[in-house]
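Visitor: First, the structure itself, so that you have it in front of you.
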Amino acid sequence: MTVATGKTKAKLDWDKITALLAAKADTPLGAELAQALEPSADPAEVEAWQAETAEGRELVERGIIIPLAGVADIRRCVERCRRGGTASIEELYQLRLTLEAGRKVKAILTDEVALPLLKALGGEMPLFPDLEELLRRSVASAEDLADEASLELLRLRREKKRLINAIRSHLEDMIRSPAVQKYLQEPIITMRGDRYVLPVKQEWRQHVPGVVHDQSASGATLFIEPLAVFQMGNNLREIEARERREVERILGELARRVGEQAEGIGMLMAKLARLDFIMAKGRLAVAQDAVRPSLNCEGRLNIRLGRHPLLGAEAVPISLPLGRAFRILVVTGPNTGGKTVTLKTVGLFALMHQAGLHVPAAPDTELPVYDRIFCDLGDEQSIEQSLSTFSSHMKNIVDILAGCTARSLVLLDELGAGTDPAEGAALAKAILEHLAEVGASVIATTHYSELKVFAYSHPRVENASVEFDPVTLKPTYRLLIGLPGRSNAFEIAARLGLPEPLVLRARTLLSQADVRTDDLIRSLEEKRAYLEKLEKDVESARTEAERLKKEWEAKRAALEAQKEEYLRRAKGEALSTLNYARREAERIIRELRTASSNLIEKDRILVAQEARQRLSEAQERVRQILAEQQGVSGGEEETGHTEFKTGQSVFIPHLNLSGTLLTDPDANGNVRVQVGVLKIDLRTSQLRLQETKKDRREEKNLGSIAAAKARSISPELDLRGLTVEEAEYRVEKYLDDAHLAGLEKVRLIHGKGTGTLRQAVQNLLARHPHVERFSLADYREGGTGVTVAVLKK
């Protein structure tokens with residue numbers, strides 16, 4: 001039993017969905033499967049189809065191209081070959097392209113795609129390498145066989161080419177000859193009936209002996225094959241006949257080979273068609289921005305922002321729950337408000353889902369698997385069958401009631417219409433009560449007020465309406481669950497031009513119950529509109545708060561990053577300053593060593609004094625740079641955390657002077673500072689605390705400790721793991737300390753390694769003034785990994 005009858009699918013425009021799907025296919029085989037697509041009532045089959053579509057969509061979104069363009073529908077040709085028939089050159093060429101496409105597709109699916117269903121599909125595709133190679137070698141194009149199809153065909157075509165060249169050469173000699181040229185209408189070679197001829201003037205016919213094959217319409221020109229090439233022409237016709245027989249033999253042999261593989265080729269065609277069909281489903285899902293709905297077997301339908309699949313960008317999204325709190329939905333509202341579109345949207349969603357197609361809705365959409373889908377839409381009155389509108393509706397409903405179950409979906413448009421309103425409403429209630437007892441999922445549209453009351457009073461029935469804008473007097477096509485709709489007949493009539501007195505008179509003719517019901521519904525609609533506006537305002541405020549929060553968080557992160565950058569830059573500049581100080585000190589020491597070995601004591605003292613002066617200058621420059629960096633990197637932030645009190649010693653960086661605080665900072669951070677005989681008013685941000693005498697005594701004590709440590713220096717220095725520059729600096733300092741400590745011999749441990757560090761250390765020792773000689777240590781004391789240096793006394 002099919003899920004939906006042909007009439008139901010026609011009412012829901014299912015053929016337009018399959019046409020859209022077929023247009024996304026690359027091959028006629030895939031388009032054929034798309035046109036024949038039918039929904040399934042088996043949940044496992046539906047889930048498998050949905051998974052296929054999801055994998056096809058993923059390939060489309062990833063931009064992976066499946067080369068199916070060369071695949072043709074060659075099933076008739078293959079079947080003919082299986083029965084012993086032959087095939088044309090064009091059919092064999094299409095078969096060749098199809099086999100090549102199958103090989104390429106299989107390689108992509110099995111090697112490049114990690115999607116299980118498509119990978120398995122590729123693994124099931126049979127290949128025919130021998131037949132493919134034979135066709136590639138034999139069939140050059142859709143019009144002709146390749147010369148290499150057989151040795152005999154190659155020989156015949158070479159002979160044919162030789163004869164053609166000989167005939168043309170002889171005729172060209174004739175048309176270039178002055179003796180013959182004057183008899184010709186034009187000096188050209190042409191063809192008549194596959195024979196090479198010359199256009200000869202009628203009056204000079206006897207001067208060009210040969211066979212006349214044709215004449216012009218006026219009779220002034222005869223097309224003659226000269227006797228000199230007549231025999232060669234006959235030989236050419238014989239060669240061409242033998243060539244045709246050889247081509248027919250080759251085609252028969254190729255058809256026999258195809259027939260032997262007919263079953264496997266048919267399987268390959270089926271797999272390629274299925275793959276193209278899956279890719280078409282994926283392309284349609286991407287084009288419609290569709291999603292894979294969640295599947296359930298409990299009859300729960302929950303469409304979230306669903307768009308009619310055939311309306312494109314004009315579709316107004318609807319959200320519709322069914323099957324959880326209620327199983328029957330009664331939709332009311334004005335004509336042209338979107339009630340029928342809602343029914344078709346739900347019906348198409350159910351068909352598409354059960355056919356394995358994704359649906360254009362929000363990601364949290366949920367759909368069940370129905371065993372049958374019924375619908376009664378439109379007006380089917382028929383004069384020939386003596387059916388009125390009411391009769392046609394009732395005939396459909398009788399069929400629906402006879403076939404529906406608890407797993408069925410029933411869509412009813414204008415239920416009970418076409419007859420007396422009271423009787424129609426009563427019939428509609430009875431039908432809905434029966435469907436509720438059966439347990440079917442039902443959506444019904446109506447204009448009857450009695451059905452609105454019925455929906456309120458029945459526990460498994462809910463009201464819904466299509467929204468109508470009272471300002472513009474136009475429908476908005478939005479579906480509102482839980483609120484019955486008004487037909488708005490008076491408003492629509494007035495908008496269409498019905499005189500106002502008539503509209504007012506019509507209102508007075510309504511019963512008091514109808515008026516109260518209409519006023520109640522209008523009041524509910526106004527409150528709903530107000531609450532919706534309030535909800536939008538709240539959501540807008542929340543969105544704005546979130547935006548501001550993100551904006552401030554971004555600014556704070558930027559400030560933190562800027563702060564980190566300033567600190568990093570300050571640290572880098574401080575490191576550069578320290579490196580400069582070290583290099584300057586090393587330079588002065590080297591100059592001092594070089595000069596002291598060649599000077600008398602008095603000159604040595606002068607050089608030492610000059611070196612001390614340069615060191616003092618370098619030290620002062622380093623101090624100034626560090627002070628400036630401290631002012632830039634720390635700035636007011638650092639001084640803001642420093643407590644200044646009267647009597648403290650402070651340093652004024654921008655004046656390069658020291659002083660003493662005479663007052664505590666006032667409310668604006670201003671203080672008075674004694675600098676020598678001057679008293680200056682400054683801000684605390686321009687000052688920093690200066691170290692006390694106690695701090696300087698501690699530095700002096702640290703110097704004494706360092707001197708004591710130098711006197712107890714180790715007789716060996718381990719340089720392993722250092723760079724060459726670091727090692728040279730450590731060795732120079734160590735040799736100075738060792739010399740001052742009075743050591744006679746030291747061991748420098750540099751390790752074996754590549755020898756680079758050892759060579760650098762020995763080069764330094766060779767030029768150092770404190771080193772008398774050096775050599776590698778004994779193998780028992782480290783060998784080539786240790787250098788022993790003897791110091792001068």
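The values are calculated or read from the model by the stated rules, or taken from the named source; none is laboratory data. No experiment lies behind these values; they were computed from the predicted model shown. Note: ideal-geometry Cβ built from the backbone for every residue, glycine included; neighbour counts use all protein chains shown. Side chains are part of the model used for accessible areas, which takes the heavy atoms of the whole protein and leaves out ligands, DNA and RNA. Shrake-Rupley method; radii C 1.70, N 1.55, O 1.52, S 1.80 Å.
So that you can scan it fast, the table gives a plain yes or no per residue for (1) of a type in the set (Gly, Ala, Ser); (2) under 60 Å from the mean Cα position of the chain (by Cα); (3) surrounded by 15 or more Cβ atoms within 10 Å (Cβ to Cβ):
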position: Val208; (1), (2), (3): no, no, yes
position: Leu251; (1), (2), (3): no, yes, yes
position: Ala262; (1), (2), (3): yes, yes, yes
position: Leu268; (1), (2), (3): no, yes, yes
position: Ile278; (1), (2), (3): no, yes, yes
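Visitor: On to the next question. How do the pairs read when you match residues in the stretch 275-304 that are without any contact (Cβ under 8 Å) to a residue 12 or more places away in the chain with residues anywhere that are hydrophobic (A, V, I, L, M, F, W, C), using Cβ under 7 Å and keeping only pairs 6 or more apart or on different chains?
Guide: Between residues of the stretch 275-304 that are without any contact (Cβ under 8 Å) to a residue 12 or more places away in the chain and residues that are hydrophobic (A, V, I, L, M, F, W, C), there is no close pair.
Visitor: Within the bounds of the stretch 475-485, is there any residue that is open to solvent by less than 40 Å² (accessible area, probe 1.4 Å), modelled with pLDDT of 85 or more and either closer than 30 Å to Val369 by Cα or within 47 Å of the chain's Cα centre (by Cα) (or both)?
Guide: no
Visitor: A further question on this structure: Please identify the pairs in which a residue from the stretch 162-179 that is within 15 Å of Val200 (Cβ to Cβ) has its Cβ atom under 8 Å from the Cβ atom of a residue that is loosely packed, with under 13 Cβ neighbours inside 10 Å, counting only partners at least 6 apart or on another chain.
Guide: Every condition considered, the pairs that remain are Ile175/Gln181; Ile175/Ile188.
Visitor: Further question on the same structure: Within the stretch 753-787, take every residue that is in a strand (DSSP E or B) and in contact with a helix residue (DSSP H, G or I) (Cβ under 8 Å, 6 or more places away or on another chain) and give me the one that is surrounded by the fewest Cβ atoms within 10 Å (Cβ to Cβ).
Guide: Taking the candidates together, the pick is Leu776.
Visitor: So in the stretch 327-342, with the set limited to residues that are farther than 25 Å from Ala430 by Cβ and open to solvent by less than 50 Å² (accessible area, probe 1.4 Å), which one is farthest from the chain's Cα centre (by Cα)?
Guide: Ranking the candidates gives Pro334 first.
Visitor: Cβ contacts < 7 Å: first residue among the acidic types (Asp, Glu), restricted to the stretch 93-122; second residue part of a helix (DSSP H, G or I) and open to solvent by 20 Å² or more (accessible area, probe 1.4 Å), any location; separation 6+ or different chain. Result?
Guide: Glu100/Glu132
Visitor: Got a number for residues in the stretch 30-59 being in contact (Cβ under 8 Å) with a residue 40 or more places away in the chain, farther than 19 Å from Arg283 by Cα and among the charged types (D, E, K, R)?
Guide: Looking only at that region, the number is 1.
Visitor: Right, something else. Select from the stretch 24-69 the residues that are among the small types (Gly, Ala, Ser) and over 25 Å from Thr5 (Cβ atoms) and write down the one among them that is modelled with the lowest pLDDT.
Guide: That would be Ala69.
Visitor: Please state which one of Leu92, Leu109 is under 28 Å from Ile250 (Cβ atoms) and open to solvent by less than 70 Å² (accessible area, probe 1.4 Å).
Guide: The unique qualifying residue is Leu92.
Visitor: Among (1) touching a Ser or Thr at 6+ places or on another chain (Cβ under 9 Å); (2) small (Gly, Ala, Ser); (3) open to solvent by 10 Å² or more (accessible area, probe 1.4 Å), there is one condition Gly312 misses while meeting the rest; what is its number?
Guide: Just one mismatch for Gly312, condition (1).
Visitor: Restricting attention to the stretch 427-436, does a residue exist that is open to solvent by less than 10 Å² (accessible area, probe 1.4 Å), of a type outside the set (S, T, N, Q), in contact with a strand residue (DSSP E or B) (Cβ under 8 Å, 6 or more places away or on another chain) and under 18 Å from Ile17 (Cβ atoms)?
Guide: No, the stretch 427-436 contains no residue that is open to solvent by less than 10 Å² (accessible area, probe 1.4 Å), of a type outside the set (S, T, N, Q), in contact with a strand residue (DSSP E or B) (Cβ under 8 Å, 6 or more places away or on another chain) and under 18 Å from Ile17 (Cβ atoms).
Visitor: Tally time: how many residues in the stretch 680-691 are surrounded by fewer than 12 Cβ atoms within 10 Å (Cβ to Cβ) and either farther than 15 Å from Thr646 by Cα or modelled with pLDDT under 80 (or both)?
Guide: 1
Visitor: Let me ask something additional. For the stretch 348-365, how many residues meet the condition of being out of contact with any Lys or Arg (no Cβ under 6 Å at 6 or more places or on another chain) and not hydrophobic (A, V, I, L, M, F, W, C)?
Guide: Of the residues in that region, 4 qualify.
Visitor: Just to verify a result, which residue in the stretch 62-89, among those that are surrounded by 14 or more Cβ atoms within 10 Å (Cβ to Cβ) and basic (Lys, Arg), is nearest to Ala273 (Cα to Cα)?
Guide: Arg75
Visitor: Name the single residue, out of those in the stretch 704-743 being open to solvent by 40 Å² or more (accessible area, probe 1.4 Å), of a type outside the set (S, T, N, Q) and outside any helix (DSSP H, G or I), that is modelled with the lowest pLDDT.
Guide: In this case the residue turns out to be Gly742.
Visitor: Can you tell me which of Glu263, Glu298 is of a type outside the set (Lys, Arg), modelled with pLDDT under 95 and part of a helix (DSSP H, G or I)?
Guide: Glu263
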